Amino acid sequence: MAFGDNVRSVRGMNDLLPPQTARWQRVEAVLREVAGRYGYQEIRTPVIERSDLFYRSIGEQTDIVEKEMYTFTDNNGDSLTLRPEATASCVRAGNEHGLLHNQTQRFWYTGPMFRHERPQKGRYRQFHQFGVEALGWPGPDIDAEIIALGERLWRTLGISGVSLEINTLGSASARAAFRDALRDYLVAHVDALDSDSQRRLQRNPLRILDSKDKGTQATLAGAPDLMDFLSDPELAEFSRLQDLLIAAKIDFKVNSRLVRGLDYYTGVVFEWVTDQLGAQSAVCAGGRYDTLVEQLGGTPTPAAGFACGLERLIDLVALSEVDLSRVRAEVFLVLVAAGAEELGVSYGEQLRDAGLDVLSNCGQGSLKKQMRRADASGAFVAVIVGDDERSQGTVSIKPLRSQGQQMSVPAHALVEEVQKILGNDSQ
């Protein structure tokens, strides 16, 4: 690149600009609030981990490990990877800090993940996830809790058109028997499979169920069904989860072809899907991973969780009728008097001390222009400081979203009068 040429962002790694960031902040606030209602606590892990963590957890025959990880060798000769997902990191942290030994933990996290995929709408090379992990409970009560938490997120964010699909992968022995039967079936139809599925046929045939290739999916229509390989206790536990979801009034569909793209999943798996985002139908997904803690060096610990992509979630919020994008300050300070900036600073801090969100006009401008800015800001109240107000020690208060009349009040009554108007507007 020649000196003076514009430096651009890396392909698939995007800037978030205002007012996008306002919508993100509001969505993130909802995520924190809802997770907290269920007793989940935040955990923050590094964005760079030892590559071996993901080879051992995700599985070497997955697309993520085979094709998508950002892996490099550091100056010490260690192989490191930008995290492609966070469940393995949460388990690693729990093991490393002794949080899982004879204990139960409810974690939530959010942050950037990295996968070298072909960028498209809803799928980026740096993307963001919100997730929850419940470690130490065998389920299905914790499975139902996690699903209920996800369902509450959609309701709180005003998202519609999202449907829940559930399945169970059963025990290791059930999966092994099903894997053999599936492999035998697919060997007889190998020419109808896409090239990735043909490559996986011998080493990981279950992953073929996750193929998006239409020809492969058509071939799978006649394949054996995993449900036929489950024991009666396994079917009873899956039925119990369904009973709990019905009790919570959560709609769902059993999809016996549903698998997850990571090798650590063991029993129940689930996805929320939508037809509103084009090719990217999965909004949120998860399930049980009862062997992962032991796999990464800890004591055997049952576990379950989910992760949702925030970019797709933000797109769904944008499609809803809930406007989370605007900076809705409660008060806009209109400063038109000569030297009104000092008063504006003073009044603004008084209002903020009272817990109100305040936007102050900067850059001067006529009364008409500043009132247009006040209206465009989404504020509920304009506080006006003109020459008359400054000389008389008063302020003018104008409701912007209700039918109330503009009034003049003593400056010392500013906070009280604004709170009255805001209280009436919220009723």
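The values are calculated or read from the model by the stated rules, or taken from the named source; none is laboratory data. Remember, predicted model here, so these are calculated numbers, not experimental data. Reconstructed Cβ throughout: ideal geometry from the backbone, glycine too, with neighbour counts over all protein chains shown.
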Test for Arg8: is it of a type in the set (D, E, K, R) and not in a helix (DSSP H, G or I) = yes
Mind listing whichever residues of the range 354-378 are part of a helix (DSSP H, G or I) and touching a residue at least 12 places away in the same chain (Cβ under 8 Å)?
-> Leu367, Gln370, Met371, Arg373, Ala374, Asp375, Ser377
Across (1) modelled with pLDDT of 95 or more; (2) hydrophobic (A, V, I, L, M, F, W, C); (3) exposed (fewer than 12 other Cβ atoms within 10 Å of the Cβ), Ala376 clears everything bar (1)
All strands (runs of 3 or more DSSP E) inside the range 26-124 with 3 or more residues being surrounded by 12 or more Cβ atoms within 10 Å (Cβ to Cβ) and touching a residue at least 40 places away in the same chain (Cβ under 8 Å) = 105-114
